[in-house]
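The values are calculated or read from the model by the stated rules, or taken from the named source; none is laboratory data. Just so you know, these numbers come straight off a predicted model, no measurement behind them. Cβ: placed from backbone, ideal geometry, glycine included. Neighbour counts: every protein chain shown. These accessible areas exclude ligands, DNA and RNA; they are computed on the full protein's heavy atoms, side chains included. Shrake-Rupley method; radii C 1.70, N 1.55, O 1.52, S 1.80 Å.
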Amino acid sequence: MARWPAPGRCKRRLAASCGSSERAAAIQGRLTSHTLLVAAAAVAARGVQLQVAVDGLAPGALRRWQRAMQRRSDWPPADRVAFGGQGGGNLGCRMQRQLRHGFAAGAERVVLIGTDLPGLECRDLTKALALLQAAPLVIGPATDGGYWLIGMNRAGFQRAGTRLMSGIAWGGAEVLAQTLTRAALLDLPPRLLRPQRDLDDHADLLAWWRAVGHPGAPVPGATWA
């Protein structure tokens with residue numbers, strides 16, 4: 001689930017902290033490209049189907065983006081990838097819609113990810129899919145109190161219906177806790193993946209730079225450069 005990286009329409013917290021919507025959009029573009037290529041690697045490794053659900057892009061532009069990706073040598077065959085919109089509603093409604101579409105298309109396991117995770121690896125996706133062979137629900141906790149991945153198998157989705165994602169305070173620090181509470185009420189024992197840190201603001205970006213030993217990472221307390 002991706003947001004088109006246009007200045008002023010994505011990464012608003014990052015733009016506010018670095019003082020540039022163009023720079024924030026460029027970072028979002030890098031994150032989106034990274035996520036797509038990791039997902040493409042999972043397609044090759046596991047034989048899965050990839051659905052790229054985009055927010056903020058008109059149908060014509062979406063088709064052009066799809067054609068551009070298909071020209072890449074590291075992109076899966078066209079019959080293994082589909083591009084489409086996310087539809088309206090809050091985040092819970094949009095995720096629920098993608099789950100429903102996946103299972104309606106015949107999938108037995110569906111995993112959702114966003115495009116805010118610089119540390120995402122192919123093994124994260126393959127592990128989630130493997131766990132869903134037995135577990136009804138898989139969640140990747142985020143350090144900000146949300147989650148960076150959620151996946152369900154068909155039995156779990158049929159048991160939960162729309163209730164797992166209803167009434168959640170999306171965007172807040174209690175998203176994961178509220179989701180786990182609902183999962184317990186619905187008898188959906190989750191398997192948890194490794195915690196990871198989303199990249200939402202300036203502090204997240206600096207933390208990522210330091211984690212990977214980026215030569216341009218400033219010392220703690222330095223201003224944006």
Across LEU164, LEU185, LEU131, the residue with the highest GNM fluctuation in the chain (Cα network, 10 Å cutoff) is LEU185
To the nearest 20 debye, region 75-130 has a Cα-centred charge dipole, built from +1 on Lys and Arg Cβ and -1 on Asp and Glu Cβ, of 160 debye
So the carbon and sulfur contribution to the accessible area of the chain, 1.4 Å probe, in percent, is 53 percent
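Per residue, what volume in Å³ does the convex hull of the Cα atoms of region 23-72 enclose?
Working: hull volume 4.4 nm³, N = 50.
Dividing the Cα hull volume of region 23-72 by its residues yields 88 Å³.
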Quick calc, ALA207 & ALA26: beta-carbon distance into FRET formula, R0 25 Å, rounding 0.05, result 0.85
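Show ILE27, ILE139 ordered by accessible area, largest first, where the area counts protein heavy atoms only and the probe is 1.4 Å.
Working: ILE27 30, ILE139 0 Å².
Output order, biggest surface exposure first: ILE27, ILE139.
Could you calculate the contour length gain from TRP170 to ALA184, that is, 0.36 nm times the residue separation minus the distance between their Cα atoms, to one decimal place in nm?
On the way: separation 14, 0.36 × 14 = 5.04 nm, distance 1.88 nm.
Working it through step by step, the gained length comes to 3.2 nm.
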The answer for the chain, accessible area per residue at 1.4 Å probe in Å², is 50 Å²
Computed on Cα atoms only, the convex hull of the chain has an orientation-averaged projected area in nm² of 12.5 nm²
To the nearest 20 debye, region 111-199 has a Cα-centred charge dipole, built from +1 on Lys and Arg Cβ and -1 on Asp and Glu Cβ, of 340 debye
For region 23-134, the Cα-Cα pair-distance distribution in 10 Å bins from 0, as whole percents, is 12, 44, 38, 5, 0
In debye to the nearest 20, the charge dipole size for region 37-98, taken about the Cα centre with +1 at each Lys and Arg Cβ and -1 at each Asp and Glu Cβ, equals 120 debye
Residue-normalised 222 nm signal for the chain, counting each DSSP H run of n ≥ 4 as -39,500 (n - 2.57), nearest 500 deg cm²/dmol, is -13500 deg cm²/dmol
Expected max-MSF residue from SER73, SER166, SER21 in the GNM of the chain (alpha carbon, under 10 Å) is SER73
In whole µm²/s, the translational diffusion coefficient that Stokes-Einstein assigns to region 159-199, given a Kirkwood hydrodynamic radius over C-alpha pairs, 10 °C and 1.306 mPa s, equals 141 µm²/s
Ranked output for segments 144-154, 119-129 by mean other Cβ atoms within 10 Å, highest leading, reads 144-154, 119-129
A student applying the Cα gyration tensor rule (rounded when a/c is under 1.5; otherwise prolate if a/b is larger than b/c, oblate if not) would label region 71-177 rounded
